[in-house]
Structures are given as structure tokens and as C-alpha cells.
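Here's the structure we're looking at; comments come further down.
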Amino acid sequence: MRLNIGVIKGDGIGPEIVTEAMKVLDKTGEVYGHECIYTQLLMGGASIDVHGVPLTDETIEAAKASDAVLMGSIGGDAKTSPWYQLEPSKRPEAGLLKIRKELNLFANLRPAVLYDELKGACPLKEEITDGGFDMMIMRELTGGLYFGERKTVEVDGVMTATDELTYNENEIRRIAKRGFDIAMKRRKKVTSVDKANVLDSSRLWRKVVEEVAADYPEVTLENMLVDNCAMQLVKDPRQFDVILTENMFGDILSDEASMVTGSIGMLASASLNETKFGLYEPSGGSAPDIAGKGIANPIATILSAAMMLRFSFDLDQEAEAIENAVSQVLKDGYRTIDIMSEGKTQISTSEMGDRICSYIHL
Ligand code: IPM
Ligand code: MG
């Protein structure tokens, strides 16, 4: 089997962590008998440097032509990078939003898992995380505030800025279905997060999610207001299985959820459309402050590659082999600096990739 993978190494630590994920994909291919064909694509700051824009039509077409895209991270230091002298629509992040929209990547899956071996990194009290937690944030990714109309006007000397938040029922229904489908393969609970006590878009969200829930009698649906959810995530994260929510709430809650695991360098993500195609990237950012030092944690990107094998290529066994290799490396005490603790062995970005490769077997 040949896997055509578009690769966006991106900015900051992106190139380093993607290199390790490719190493692991190649090793998995060797062991399980598939071949990864990579096409390097430019996006974000790296694309601005070459083409003056964060995303070209060529990159969009090449991404569409591949089976899946593996991405590092994009963006730089907003204070020092020249990319941030450009108007907002030309900055690195605009490329990310555009590729999500162009490829119709409406379903963003962000797992937040507390690894047993990394319990010490969790900032919450042990009694509330005992036994660990494992949730999947399902974030709507192509609607809402991110893609509504925006304008800034001055009326009688007063500046006024507007960002529109719109959802139609079809957009809500397709992400809700995805959320319930995922829940069926997990612990069969969906917490739908909205602000239905204030927003019309949230009231429609809740109505449509409840309609979809009727088709999944085995799944328990709970509606939760977003402010309460922010609180519950630190009060009792074990209560969550699938958190289903709109774009902006999902952006905020997924950062919070990743923080309670204590290790953002461990968290993968997948952005999917209606087909098998997906864009896979770590949940963390480009961390320009540590770029080029060989200390970034490549595990989130490696686990994103595992999600790619599972969702885009149906290679469940291979995905599991990677996940097991990651667990084994942690069990054996190897750590990058971000998850380092006393008595463990600190290793570099590329050593982590090599170690994980060495544990991949049939
Ligand atoms: C994310 C990021 C992006 C977002 C930014 C970089 C535009 O925070 O993927 O969560 O807000 O979606
Ligand atoms: Mg974010």
C-alpha cells in the first residue's frame, strides 16, 4: 500500500517534530509493509518567506491531491517576527484558517489524555485525577466566529469592530453526527457545550444536537454551558468522554483540557472532512523560543501520524503499534525536557524519534 502524504513542516519547532514523525511513519511502513510517499508543501511563515502569502493555490491543490496531510506548526513570535507586520489576512494563521475552509475540515478531534506515566505533570490534585482521564474534544472547525463577517468602522470618531457568529443547522448536524459516532466507539457519552442561556446560535446548536442524539439511543447526551464546562474541566475532568462544541469554545476548551494533562507536547489532533482525507497536527504551537535547539517534544506529532494511519488509511494495527511504542518509551523513563521529572532520562527530539522507532514491531 502506498500512502500519499502531503507534509507541511511549518515554522518554529515544526520542521524538527515533523522529521521525527516521518521517521516513525517510515519505520512503521518497513515493519508493516506500506510505503509513504511525501510531498513537501509550504504554509504559514515558511510560505510567506518564499511566496509572500501564507497559503498558495498550488499548496491547496497539492494538499487536495494527497490522501492526508501531516503538519507541524505554523506561526512565529508576534513581537519580533516580520510576518506580524503584515495585515491580519496575510499572516501565518490566515493560511491555517484558509486551508481548513478550502478542504472543508469541519471536524477537529483533539484528544486529551492523562498518561499514567506522566501523572506527576498534571497540575490537578491527585484525588481528582486518580485513575486518569481520557476525553475527546470534538471542535467544529469551519464555522462560527472564525468565518463570520468581520468589520471595523469608525462612526463619529468612535471605532467599532464586529465579528459575526453564524451557524446553520446543517453545519451543526454534521459535526454532531461525528461526535456521536466517535462516542459510540468510546464510553458512549457526549457533553455538548454551548451558551444557550444567551446566544441564538447556541440555542439552535442545542436543538439540533438533541435531534441527532435521538438516533443514538445508546449514547448519553448532556448539555453544558461553556462557562460551567471551563470549571468542570478542572474540577472533575474524569466526567468527560466526548466534548462536542463550536469553533471558538472548542479553541479555548481544548487549550484548557491540554493543560490539565500537564503535557501539551503529547497531544495529537486530526481535522477531518466528509471523506477519508484529514490534516493531522500536534495541538501545541510552533514554540519559536525553543526552535532549532533539539529539545522539542515530537510525541504529539508522532501520535498525530498515528491518528492519520487510523482515520485516513484504516491502518488501526499500525496506529496502535505507534501508540504502544510511545507508551513503552515513557514507561522506560525517557523524556524530553517538557515532561522531564526526577529519576528519568532526558533525551533530545531526535533521540525520542529513534527510541519510538526502536519499539515498533509486529
Ligand atoms: C488552534 C489555534 C488556531 C485557532 C490559531 C493559530 C488560528 O489556536 O488550532 O487551536 O484558533 O484555531
Ligand atoms: Mg487554539
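The values are calculated or read from the model by the stated rules, or taken from the named source; none is laboratory data. Computed from a prediction, not measured in an experiment: that's the story for all the values here. No Cβ is skipped: glycine too gets one built from the backbone with ideal geometry, and neighbour counts run over all protein chains shown. We work out accessible area using only protein heavy atoms, side chains counted, and drop any ligands, DNA or RNA first. Shrake-Rupley method; radii C 1.70, N 1.55, O 1.52, S 1.80 Å.
Any residue that is closer than 20 Å to residue 320 by Cα, β-branched (Val, Ile, Thr) and in contact (Cβ under 8 Å) with a residue 40 or more places away in the chain - is there at least one of those in the range 289-300? Yes, the range 289-300 contains at least one residue that is closer than 20 Å to residue 320 by Cα, β-branched (Val, Ile, Thr) and in contact (Cβ under 8 Å) with a residue 40 or more places away in the chain. Any residue at all in the range 75-88 that is touching a strand residue (DSSP E or B) at 6+ places or on another chain (Cβ under 8 Å) and either open to solvent by 10 Å² or more (accessible area, probe 1.4 Å) or polar (S, T, N, Q) (or both)? No, the range 75-88 contains no residue that is touching a strand residue (DSSP E or B) at 6+ places or on another chain (Cβ under 8 Å) and either open to solvent by 10 Å² or more (accessible area, probe 1.4 Å) or polar (S, T, N, Q) (or both). Here is the figure for the range 75-108: residues that are assigned to a helix (DSSP H, G or I) and in contact (Cβ under 8 Å) with a residue 12 or more places away in the chain total 13. Name the single residue, out of those in the range 214-238 being in a helix (DSSP H, G or I) and without any contact (Cβ under 8 Å) to a residue 12 or more places away in the chain, that is surrounded by the most Cβ atoms within 10 Å (Cβ to Cβ). Per the criteria, the residue is 232.
Is it fair to say residue 172 is more than 16 Å from ligand 2 (Cβ to nearest atom), crowded, with 19+ Cβ neighbours inside 10 Å and not acidic (Asp, Glu)? Yes: the conditions hold for residue 172.
Quick check on this structure: which one of 272, 253, 244 is within 12 Å of ligand 1 (Cβ to nearest atom) and open to solvent by less than 20 Å² (accessible area, probe 1.4 Å)? It would help to see each step written out before you state the result.
Details: 272 fails: within 12 Å of ligand 1 (Cβ to nearest atom); 244 fails: within 12 Å of ligand 1 (Cβ to nearest atom).
Result: 253 is the single residue among 272, 253, 244 that is within 12 Å of ligand 1 (Cβ to nearest atom) and open to solvent by less than 20 Å² (accessible area, probe 1.4 Å).
The residues of the range 331-352 that are surrounded by fewer than 16 Cβ atoms within 10 Å (Cβ to Cβ) and of a type in the set (Lys, Arg), listed by number, are 331, 344. Residue 182 fulfils the conditions (1) outside any strand (DSSP E or B); (2) touching a Phe, Trp or Tyr at 6+ places or on another chain (Cβ under 9 Å); (3) not hydroxyl-bearing (Ser, Thr, Tyr) except for a single criterion, (2).
Taken residue by residue, the range 41-52 has at least one member that is under 14 Å from residue 95 (Cα atoms), among the acidic types (Asp, Glu) and out of contact with any His (no Cβ under 9 Å at 6 or more places or on another chain).
For the range 196-205, filtering for residues that are surrounded by fewer than 19 Cβ atoms within 10 Å (Cβ to Cβ) and assigned to a helix (DSSP H, G or I) leaves 3.
Of 123, 111, which residue is away from ligand 1 (no atom under 13 Å from the Cβ) and assigned to a strand (DSSP E or B)? Steps first, please.
Values: 123 fails: assigned to a strand (DSSP E or B).
It is 111.
Among the residues that make up the range 112-126, is at least one of them within 16 Å of ligand 2 (Cβ to nearest atom) and either in contact (Cβ under 8 Å) with a residue 12 or more places away in the chain or under 17 Å from residue 280 (Cβ atoms) (or both)? Looking for residues that are within 16 Å of ligand 2 (Cβ to nearest atom) and either in contact (Cβ under 8 Å) with a residue 12 or more places away in the chain or under 17 Å from residue 280 (Cβ atoms) (or both), one finds at least one in the range 112-126, hence yes.
The residues listed here are 102, 149; of these, the one that is open to solvent by 80 Å² or more (accessible area, probe 1.4 Å), modelled with pLDDT of 95 or more and touching an Asp or Glu at 6+ places or on another chain (Cβ under 6 Å) is 149.
Just checking: which of the helices (runs of 4 or more DSSP H) contained wholly in the range 248-362 hold 2 or more residues that are hydrophobic (A, V, I, L, M, F, W, C), within 30 Å of residue 143 (Cβ to Cβ) and in contact with a helix residue (DSSP H, G or I) (Cβ under 7 Å, 6 or more places away or on another chain)?
Details: elements: 299-311, 316-331, 349-358.
In the range 248-362, 299-311 are the helices (runs of 4 or more DSSP H) which contain 2 or more residues that are hydrophobic (A, V, I, L, M, F, W, C), within 30 Å of residue 143 (Cβ to Cβ) and in contact with a helix residue (DSSP H, G or I) (Cβ under 7 Å, 6 or more places away or on another chain).
Residues of the range 1-59 that are closer than 15 Å to residue 286 by Cα and either in a strand (DSSP E or B) or modelled with pLDDT under 95 (or both): 8, 9, 10. Scan the range 21-53 for residues that are open to solvent by less than 10 Å² (accessible area, probe 1.4 Å) and touching a Pro at 6+ places or on another chain (Cβ under 7 Å) and jot them down. Scanning the range 21-53 gives 21, 43, 44, 45, 47. A Cβ distance below 7 Å, combined with a sequence gap of six or more or placement on separate chains, defines the contacts here; from the range 303-324, residues that are under 10 Å from residue 68 (Cβ atoms) and crowded, with 20+ Cβ neighbours inside 10 Å reach residues that are modelled with pLDDT of 95 or more and of a type in the set (Val, Ile, Thr) in the pairs 305/24; 305/322. Only one of the numbered conditions (1) away from ligand 1 (no atom under 12 Å from the Cβ); (2) open to solvent by less than 10 Å² (accessible area, probe 1.4 Å); (3) not assigned by TED's automatic domain parsing to the domain that holds residue 307 is violated by residue 280, and that is (3). Got a number for residues in the range 291-302 being surrounded by fewer than 23 Cβ atoms within 10 Å (Cβ to Cβ) and more than 14 Å from residue 74 (Cα to Cα)? Here the count works out to 4.
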